[in-house]
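For reference, the structure discussed in these notes is given below.
The values are calculated or read from the model by the stated rules, or taken from the named source; none is laboratory data. Just so it is clear, the structure is predicted and the values come from calculations on it, not from any experiment. Note that we place each Cβ from the backbone using ideal geometry, even for glycine, and neighbour counts take in every protein chain shown. Just the protein is used for accessible areas: all its heavy atoms, side chains included, with ligands, DNA and RNA removed. Shrake-Rupley method; radii C 1.70, N 1.55, O 1.52, S 1.80 Å.
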Amino acid sequence: MDTILILDFGSQTTQLISRRLREMGFHTNIIPGDAAFSPDLLGKEHIVRGLIFSGGPASVYEADAPQLDPAFLACGLPILGICYGLQRMTEDLGGKVQARETREYGRAGIKYLSNHPLFSGIPEGFISWMSHGDSLLELAPGFSMVAVSEHGMPACAAHPGKNIVGIQFHPEVTHCEYGNRILSNFAAGICQAKAEWKVEHYLLAAQESIRSRTQKRKVLLLISGGVDSTVLGALLVKTLECDQVYLMYVDTGLMRKNENEEVIKTLNSLGAKHIHVIHAEADFLTALAGKHEPEEKRRIIGDLFMQIQEREIQKLDLGDYLLAQGTLYTDMIESGKGIGKNAAVIKSHHNVRSPLVEAKRNAGLILEPLADLYKDEVRSLGIALGLPDSIVYRHPFPGPGLAVRILGDVTREKADLLREADAIFITELKNRDLYRKIWQAFAVLLPIRSVGVAGDARGYGYVLALRAITSADGMTADVYPFEMKDLLEISSLITNKLKAIGRVSYDISSKPPATIEWE
Ligand code: XMP
């Protein structure tokens with residue numbers, strides 16, 4: 001299959017470049033930016049038709065900035081450099097990069113100085129997305145400036161003879177107009193790559209890799225009931241012998257309403273042979289009692305998961321088992337574990353952080369077949385595996401469950417109250433045909449009470465926040481713009497049915513600056 005090889009210099013959006021290309025049907029491979037060149041990298045099974053050098057947080061003139069093997073520049077394939085990628089190749093080919101007075105962050109209109117096939121069909125003045133302090137001061141010999149930004153800064157430089165082009169902005173982010181068109185102009189137009197990739201290819205490749213990694217060993221998967229672990233469960237059951245696959249579900253008492261029953265039904269329908277359901281509600285609530293701090297709560301839940309897992313695994317005869325996890329790329333990057341090694345830790349998602357997981361990872365006994373997929377791609381994989389829409393299109397749910405939606409300390413009463421409120425909200429979204437238009441919706445119980453009045457009596461109820469967002473992948477999110485009528489009716493339903501809730505508010509924060517979950 002035709003492939004675009006991406007050299008990763010540490011940008012948080014490297015994987016997005018690959019994902020955008022996959023969306024358009026192009027197969028990609030990502031390797032570290034400082035990898036040594038070898039003709040093998042250009043493909044046996046998959047033929048590399050072009051290279052992309054990603055962005056990255058370093059400055060090319062710093063001593064410890066990631067280097068590029070010059071053989072990549074000399075290999076003769078078309079090259080697209082993005083941000084650091086452009087700066088790296090400029091410096092390496094004899095140009096100059098410097099920190100300039102004008103830094104550019106965010107939107108910037110683009111002005112053409114000459115024609116280039118990278119911008120074929122794209123009108124002048126389109127809005128690009130910049131994120132750089134360094135800029136090109138001098139072009140490398142043989143290069144000419146193709147475009148500048150509205151601030152007069154270099155935006156695109158190219159070497160026509162060598163088929164090398166670099167851009168200062170990020171076509172992979174959704175804020176960049178014509179971003180997909182630029183990437184497809186490169187892949188299809190300049191590289192002449194064929195768009196042959198489909199999720200079914202991913203499925204076959206993942207199955208092959210799971211089988212070869214697993215051999216005859218057993219695989220344990222902790223099922224959370226969410227889309228990711230359920231899709232992974234289906235993938236394992238359909239890939240390995242049913243005797244090899246052990247599915248374990250820990251009931252933390254922090255799940256959504258009726259989730260336990262649905263999870264067990266789903267597991268059965270997957271045709272799995274070994275399903276272990278562990279009732280641990282009391283353990284989790286005891287460990288969380290009196291704990292307020294979000295990261296501490298996440299840590300407690302993560303550790304307890306692992307302790308319970310270890311305790312329960314000992315009861316099974318699993319030998320040198322592999323631990324499978326439904327970790328997605330967004331989980332990895334937000335925990336600072338993406339291919340971009342410099343990604344900051346924003347939240348410690350328990351499924352990538354625990355010492356046991358790290359130990360298993362170091363021992364080569366971790367299986368994370370979804371780790372370079374985004375949520376919508378996992379959904380497509382779920383469909384390809386034959387899972388029903390009701391599971392595949394379920395809104396995402398965080399590993400720590402309702403504990404990160406009960407702000408402050410967690411009690412059983414609060415969990416029960418939030419479960420009910422959340423169920424009313426979600427049921428109403430389904431009744432109003434809004435559920436599938438929203439990427440994720442949920443209720444959050446705030447640690448404050450406010451005064452109210454009901455039937456002439458003074459009330460002092462909890463404040464509940466509703467959150468509903470649209471997103472493509474959870475990395476960024478917009479607030480769902482409800483009709484006011486829907487919000488008013490849902491608020492009344494909640495406060496009428498649940499006396500302990502005195503007030504309902506709607507969270508109107510996008511991500512960034514807010515995260516999707518409140519804790
Ligand atoms: P945030 O809140 O970081 O969430 O904007 C992005 C997406 O990730 C989900 N999320 C988690 N998923 N374990 C998970 O498996 C976690 O600890 C976790 N925390 C957040 C969140 O619900 C949203 O879909």
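Quick check for region 241-324: number of Lys pairs with alpha-carbon distance under 25 Å, counting only pairs 8 or more apart or on different chains?
Pairs that pass both the separation and distance tests number 6.
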Notebook entry, point to check: Which entries in the list LYS194/LYS238; LYS375/LYS511; LYS375/LYS497; LYS194/LYS360 go over 28 Å, if you measure between the two C-alpha atoms of each?
Noted result: LYS194/LYS238; LYS375/LYS497; LYS194/LYS360
Item checked: Nitroxide proxy distance, nm - points 7 Å out along Cα→Cβ at GLU295 and ARG100 -> 3.8
Note to self: Could you work out what % of the accessible surface of the chain is carbon and sulfur, using a 1.4 angstrom probe and leaving DNA, RNA and ligands out of the count?
What the structure shows: 51
Check: Distance in nm between label sites at ASP433 and ASP92, each 7 Å beyond Cα in the beta-carbon direction?
Finding: 5.4
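Please find the FRET efficiency linking MET145 to ILE508, where r is the Cβ-Cβ separation and R0 is fixed at 45 Å, and quote it to the nearest 0.05. Could you put the intermediate results ahead of the total?
Details: r = 42 Å, r/R0 = 0.94.
Calculated value: 0.60.
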Item checked: Proximal aspartates and glutamates relative to LYS485, as straight alpha-carbon distance under 18 Å, when same-chain residues fewer than 8 apart are discounted -> GLU428, ASP433, ASP507
Notebook entry, point to check: Residues in region 370-405 near a label at SER269, defined as backbone nitrogen under 12 Å from the 7 Å Cα→Cβ point?
Noted result: 386-394
Next item on the list: Work out, step by step, the length gained on full extension between ASP456 and SER492: first 0.36 nm times the residue separation, then minus their alpha carbon distance; give nm to one decimal.
Entry: 11.2 nm
Notebook entry, point to check: Residues of region 235-271 with amide nitrogen under 18 Å from the 7 Å Cα-to-Cβ point of ARG211?
Noted result: 235-245
Next item on the list: Can you spot the aspartates and glutamates whose alpha carbon is less than 18 Å from LYS499's alpha carbon? Ignore those fewer than 8 places along the same chain.
Entry: GLU413, ASP416, GLU420, ASP422, ASP456, GLU489
Note to self: With θ taken as phi - 60° and the coefficients 6.51, -1.76 and 1.60, list the Karplus ³J(HN,Hα) couplings across region 158-173 in order, rounded to whole Hz; mark glycine and proline as x.
What the structure shows: 9, 10, x, x, 8, 6, 10, 9, x, 10, 7, 9, 10, x, 7, 8
Note to self: Can you compute 3J(HN,Hα) from phi for each residue in region 285-294, using the Karplus curve 6.51 cos²θ - 1.76 cosθ + 1.60 with θ = phi - 60°, rounded to whole Hz and x for Gly and Pro?
What the structure shows: 5, 5, 5, 8, 4, x, 8, 10, 7, x
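Below 8 Å between Cα atoms, with a sequence gap of 6+, how large is the relative contact order for the chain in percent? Mind dumping the intermediate values first?
On the way: 1004 pairs, mean separation 58.5, N = 519.
Taking the mean separation of contacting Cα pairs over the length of the chain, I get 11 percent.
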Next item on the list: Would you mind calculating the gained length between GLN67 and ASN163 on full extension (0.36 nm times residue separation, minus the Cα-Cα distance), in nm to one decimal?
Entry: 32.5 nm
Check: What angle, in degrees between 0 and 90 and rounded to the nearest 10, separates the Cα long axis of helix 199-214 from the longest principal axis of the Cα atoms of the chain?
Finding: 80
Item checked: Simple spin-label estimate for LEU316 and ALA35 in nanometres, 7 Å along Cα-Cβ -> 3.4
Margin query: If I take R0 = 41 Å and measure r between the Cβ atoms of ASN258 and ILE122 in this structure, what FRET efficiency does the formula 1/(1 + (r/R0)^6) give, to the nearest 0.05?
Written below: 0.25
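What does the highest-first list of 154-164, 246-256 look like by mean Cβ count within 10 Å?
Numbers: 154-164: 20.1, 246-256: 22.2.
Taking the mean over residues of other Cβ atoms within 10 Å, the ranking is 246-256, 154-164.
Mean residue ellipticity at 222 nm from the helices of the chain, using -39,500 (n - 2.57) per DSSP H segment of n ≥ 4 over the full residue count, to the nearest 500 deg cm²/dmol?
Details: 16 runs with 166 residues, N = 519.
Computed ellipticity for the chain at 222 nm equals -9500 deg cm²/dmol.
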Margin query: Quick check: the distance between the Cα centres of region 40-86 and region 425-456, to the nearest angstrom?
Written below: 48
Next item on the list: May I ask for the equivalent-ellipsoid semi-axes of the chain, computed as the square root of five times each C-alpha gyration tensor eigenvalue and listed largest first in whole Å?
Entry: 44, 29, 20
Next item on the list: Might you tell me the accessible area per residue for the chain, computed with a 1.4 Å probe and given in Å²?
Entry: 42
